[in-house]
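What follows is one structure encoded as structure tokens, with my remarks underneath.
Values quoted throughout were computed directly from the atomic coordinates according to the rules given, and no laboratory measurement underlies them. Computed from a predicted structure; not experimentally measured. Reconstructed Cβ throughout: ideal geometry from the backbone, glycine too, with neighbour counts over all protein chains shown.
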Amino acid sequence: MIALQSYIFGLPWNWLDAIIRVVLIVLLMTLLVLGLTYIERKVIARIQLRLGPTRSGPAGLLQPVADALKLLTKEDLRPALADSWVFQLAPFAIFVPTFMAFVALPYAPGWGIRSLSLGVFYILAMTSVSIVGWVMAGWGSDNKYALLGAARAAAQMVSYEIPLVLSVVGVAMISRSLDIGKIVNDQGHIPYIVLQPLGFFIFVTAMLAELNRTPFDIPVAESEVVGGPFIEYSGIRWSMFQLTEYSSAFIYAVLGADIFLGGWNWPLGYHFGLWLQLLWTIVKASLLILSVFWIRATFPRLRIDQLMSFAWKLLIPLTFAQVFFNGLVLVYGWPSVFLLVFSGVALVFAAYGIQMTVRNSVRRPREQRMDSVRRWAEAREGAGQAPSPLVQQLLREERERAGATAAPSP
Amino acid sequence: MQQLEYETVDLNINMGPQHPSTHGVFRMVLTVDGEVIVDVDPVIGYMHRGGEKLLETLDYRQGIGIMDRTDYLGNFNGEQVYCMAAEQLYGFEVPDRAEYLRVICTELNRVASHMMFMGAYGTDAGVFGTTFTYGFIERERIQRVFERLTGERMMYNYFRVGGVAWEPYDGFERDIRDVIPLLRQGIADFNGLLTTNEVFLARTRNIGAITAERAIDYGITGPMLRASGVKYDVRKDEPYSIYDRFDFDIPTGTTGDCYDRYLVRLEEIVQSLRIVEQALDQLPATGPLMPERYPRMLRLPVGEVYSRIEGPRGEYGIYLVSKGGNKPYRCKIRPPSFCNLSALREMTVGEYVADAVIILGSVDIVLCEVDR
């Protein structure tokens, strides 16, 4: 009897179970991406005083399907000088980690593909692996824009991994668990956004950076590197990138909803049936996703050096401070309102600090700006070449100006 | 162990002519050291259509159509300067009503051009299309009026040597008076969307700054020069047409960076709307649109003339040489954005790759006018 049950079609039962779950994830990802692209296009179109897709299907509902069909039937182009293996493997290297991160995502109590006791750790680890695919795509494409985009992506995603993880660590410390289910159940009355407002905002910021969304869409910047690592991709490979992009947006949104917004808990600890709980998680996740779309429609893009200094000079110290203070509160058993006080005060100061820094930013001296140019020109002279006449003239004027400031006229 | 010798080569990035943010078919060959631009080689000429040569083969009436096609965002301004050059050479007295109509058209065209700049500049800075649609919707309001006035959306061909072609339609004034408050609202929208946005500030302030002396050396004119702090505007310094009858200010910046250029253009929209309102108030209800004694075939006397106006991008000049006859012997256009573009290398060297896009956007080039 037991033998019969555990072997179906000659395979052990858990194999079939695993296959069913994998198929479920793939279906979920595809449907999600179809839905999300439609919603994004509609939402952004409304913000931009446009209508968005209206032609295919009722209210343009079939537009994503039409897009998907177009992408599937498109010719699979590959640059002649591309590094063939790297180029072809890159979409998978991005796709598979995202796919695997889906495994540990819970939507309602006991509702998920797998409930892992290290769920948060697993998801964050998996989503950060996809950076390898970005670099592969950038390197393999044999395109300078792609290379530049990949270099930016590597710098950005590695930097923002730290504040992202640390902001989640703050929550994990309070909950004393890395199991997403337990973290959600701990927020029966008070979601962690109340205790950790700073952590939540850092999470959302880092999430935008990890997703390469505006204002951190530097690796794929349309007006600078024209799509970055994806510039040479087309057809089905490009659609895999697209699939990954929206899937990871969904992953981060559900993760944020689960660990900061209380997941499937209704406010004030009311208990409802499974479907309403599921709906509640999705509503919270949708709020996060919609805010991502909203920010995308209204924000300009940061520059790479501003992005890096934002992460290393502001977000990482703040998250460390928060982790440290959480530790103090938890070790000495102070009331949890202290968590809120510290986090809130730090958030207000951070916001004020950003505003002041931007408004009072002093002019970057021209000498400093020309420094790297001078170094480059010297290196070129060493190699027996000379920069263009105008650059030489600029450097000469720079020297004269420096001489003039060194010896002020009487 | 074998010592490997590596040679460091410069990474040249070819930006354009097919690039979303080079505003047409402009090409920049950037030499980058990491993310820092150490040299930039601007390449122009992809849009060259021999416009100046073409003008020599067309008579003065037909030449106006070519002027439409040089600066396709400030068409009326192009028509105006060409007509003015021919009028100066012949000695036409342009009727008052025609002058007012010209001022209304050119100023509204300046507003439309600057609105377009606002939209495109936001896109350069990385806003996903929102500023673009906002800019376009404001431009569209003006375009609608122009379309009803001239029958065309871009290539108006409405001015004539000596005046304007036909009477404006009934309700022309009312339409413009309706549009002006909406445009003011549009400026408020841009203030909310870009002017006070921290990311926009961080991206545009202290970027691509050029000092007043260097700007004058390069022959930069228009909003770029005024952003550097030089209060120079042909409409004030050498009032042509009837600009001495209006009360308006010349906005200037202080540092000459990209943000100042943006602010100067935003303020210029306000001033242009002021001029339009005054012109509408003073517009004579009736009157001729062309000089009374007008030859059947316009032949200019032998001579040469340089006339200039303040276009949306700067001083738009025409050097017209006539050897008699109904066609110009030589018609040299001084295109403002071509001259402004000459400072690109000085502004860009030493900045980051991402800033090259912002700086190029702040020049507000129109490639048809650069290449002619």
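Among the residues of this structure, residue A:344 does not count as one that is without any contact (Cβ under 8 Å) to a residue 40 or more places away in the chain and of a type outside the set (Ser, Thr, Tyr).
When B:51, B:74, B:63 are screened for being in contact with a strand residue (DSSP E or B) (Cβ under 8 Å, 6 or more places away or on another chain), in contact (Cβ under 8 Å) with a residue 12 or more places away in the chain and under 20 Å from residue B:270 (Cα atoms), only B:74 passes. Scanning region A:255-281 for residues that are in contact with a strand residue (DSSP E or B) (Cβ under 7 Å, 6 or more places away or on another chain) and in a helix (DSSP H, G or I) yields a count of 5. When residue B:117 is tested against (1) part of a loop (DSSP other than H, G, I, E, B); (2) among the aromatic types (Phe, Trp, Tyr); (3) within 30 Å of residue B:202 (Cα to Cα), just one condition goes unmet, and that condition is (1). Against the test of being in contact (Cβ under 8 Å) with a residue 24 or more places away in the chain, under 29 Å from residue B:259 (Cα atoms) and out of contact with any Leu (no Cβ under 6 Å at 6 or more places or on another chain), the options B:157, B:191 yield a single qualifying residue, B:191. Applying the criterion of being surrounded by fewer than 16 Cβ atoms within 10 Å (Cβ to Cβ) and at positive phi to the residues of region B:24-75, the residue that is farthest from the other protein chains (Cβ to nearest Cβ) is B:50. Taking (1) assigned to a helix (DSSP H, G or I); (2) surrounded by fewer than 22 Cβ atoms within 10 Å (Cβ to Cβ); (3) in contact (Cβ under 8 Å) with a residue 40 or more places away in the chain in turn, residue A:250 satisfies each apart from (2).
Here residue B:21 passes the criteria (1) touching a residue at least 60 places away in the same chain (Cβ under 8 Å); (2) away from chain A (no Cβ under 14 Å); (3) touching a helix residue (DSSP H, G or I) at 6+ places or on another chain (Cβ under 9 Å) except the one numbered (2). Give me the residue from region A:285-334 that is of a type in the set (Phe, Trp, Tyr) and away from chain B (no Cβ under 14 Å) and, out of that set, farthest from residue B:195 (Cα to Cα). Residue satisfying both the conditions and the ranking: A:332.
When region B:337-350 is filtered for residues that are more than 7 Å from every other protein chain (Cβ to nearest Cβ) and under 17 Å from residue B:11 (Cα atoms), only B:348 remains. The single condition from (1) without any contact (Cβ under 8 Å) to a residue 40 or more places away in the chain; (2) surrounded by 17 or more Cβ atoms within 10 Å (Cβ to Cβ) that residue B:324 fails is (2). Evaluate the following for residue B:199: is it aliphatic (A, V, I, L, M) and farther than 24 Å from residue B:311 by Cβ? The answer is yes for residue B:199. Here the helices (runs of 4 or more DSSP H) wholly within region A:157-229 that include at least 1 residues being within 13 Å of another protein chain (Cβ to nearest Cβ) are A:197-210. Restrict the check to region A:240-253 and report whether at least one residue is of a type outside the set (A, V, I, L, M, F, W, C) and farther than 30 Å from residue A:73 by Cα. Yes: region A:240-253 contains one or more residues that are of a type outside the set (A, V, I, L, M, F, W, C) and farther than 30 Å from residue A:73 by Cα. Scanning region B:120-154 for residues that are without any contact (Cβ under 8 Å) to a residue 40 or more places away in the chain, in a helix (DSSP H, G or I), away from chain A (no Cβ under 13 Å) and not charged (D, E, K, R) turns up B:143, B:145, B:150. Quick one: would you say residue B:287 is more than 26 Å from residue B:107 (Cβ to Cβ) and over 19 Å from the mean Cα position of the chain (by Cα)? So residue B:287 fails the test.
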